[in-house]
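Step one of this worksheet: look at the structure below.
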Amino acid sequence: MRLVSLVPSVTEAVAAMGAGEHLVGVTDWCAVGAPAHAARVGGTKSPSLAKIAALRPDVVVVNQEENRREDAEALGAAGIEVLVTFPRTVADVPPMLRELGALVRRASQADAFACDLEEALAEPVPDAAVPVLTLIWRKPWMAVGAGTFADDLLHLAGFRNVLTDRSTPYPKVQALSAAPDVVLLPTEPYEFGEKDLSAVRELVGERPALEFVDGQLLTWHGVRTATALRHFRAVARRLNQ
């Protein structure tokens, strides 16, 4: 099996299943699990289709949100099999992991990760939901909206997104109709740090707690999702104390 992954979290998952030898191509953003022998084929939204074709992959794995539809269609038109992933909820992740495991002949390893996540999903959700705003970008300010994977993860962890009234998945934030108790500041796609705190305060005021969080835990769906769910539940419990 010759596999090209255009999704960093898929690259991580395949490697974690012990199937890194199947990865012949990965993106420049595949920072976790990418084997040294895998060719770099460009960015998630700007891959070199010529480089991918030259690798003679059996399958190219893409994500409906992270990658461009026109690239997936061009690969398919060139006769290359494309596997499209798009887990919109945490519950979508176990079947995705099992599908990847079957693809790279690591069914038992994939099932172990899937079962761990299913056990985490069965664990109780904190009773009192913490009103939350999760910023993902600055200039312009943008945040996690409804209908996204991160929104579902935080909901299951015991948070209530104050932007559920917005019609877009990643709305721009200029004014808040509901005040959050906490503002989550992830490390990606924008890397929030101490340098941003005064500007965040100008946006949200002095009341909410500000919490730096691992952006990969929040948005990378795959082998780390069970850990992410348990981590954010612990954060929600701490903030509720």
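Observations on the structure shown:
- All helices (runs of 4 or more DSSP H) inside the range 64-125 with 2 or more residues being under 24 Å from Ala236 (Cβ atoms): 93-103, 107-122
- Conditions (1) charged (D, E, K, R); (2) part of a helix (DSSP H, G or I); (3) open to solvent by 70 Å² or more (accessible area, probe 1.4 Å): number failed by Arg160: (2)
- Residues located in the range 51-75, provided they are without any contact (Cβ under 8 Å) to a residue 24 or more places away in the chain and open to solvent by less than 40 Å² (accessible area, probe 1.4 Å): Ala72
- Pairs with Cβ under 8 Å, 6+ apart, first in the range 10-27 and surrounded by fewer than 20 Cβ atoms within 10 Å (Cβ to Cβ), second basic (Lys, Arg) and outside any strand (DSSP E or B): Gly18/Arg106
- Scanning the range 188-213 for residues that are outside any helix (DSSP H, G or I), open to solvent by less than 60 Å² (accessible area, probe 1.4 Å) and in contact (Cβ under 8 Å) with a residue 24 or more places away in the chain yields Glu188, Tyr190, Phe192, Gly205, Pro208, Ala209, Leu210, Glu211, Val213.
- Residue, farthest from Thr85 (Cα to Cα), within the range 220-241, restricted to residues that are open to solvent by 50 Å² or more (accessible area, probe 1.4 Å) and of a type in the set (S, T, N, Q): Gln241
- Failed item in (1) outside any helix (DSSP H, G or I); (2) exposed (fewer than 14 other Cβ atoms within 10 Å of the Cβ), with Ile136 passing the rest: (2)
- Within the range 150-174, residues that are among the β-branched types (Val, Ile, Thr) reach partners that are part of a loop (DSSP other than H, G, I, E, B) with beta carbons closer than 7 Å, at six or more positions or on different chains, in the pairs Val162/Leu176; Val162/Ala178; Val162/Pro180; Thr164/Ala146; Thr168/Gly145; Val173/Trp141.
- Failed condition for Leu184, given (1) closer than 23 Å to Pro94 by Cα; (2) buried (at least 20 other Cβ atoms within 10 Å of the Cβ): (1)
- Residues in the range 76-95 that are surrounded by fewer than 19 Cβ atoms within 10 Å (Cβ to Cβ) and of a type in the set (A, V, I, L, M, F, W, C): Ala77, Ala78, Leu83, Val84, Phe86, Ala91.
- Scanning the range 107-160 for residues that are modelled with pLDDT under 95 and hydroxyl-bearing (Ser, Thr, Tyr) yields one hit, Thr148.
The values are calculated or read from the model by the stated rules, or taken from the named source; none is laboratory data. All of these numbers come straight from a predicted model, not from anything done at the bench. FYI the Cβ positions are ideal-geometry reconstructions off the backbone, even for glycines, and counts take in every protein chain you see. Side chains are part of the model used for accessible areas, which takes the heavy atoms of the whole protein and leaves out ligands, DNA and RNA. Shrake-Rupley method; radii C 1.70, N 1.55, O 1.52, S 1.80 Å.
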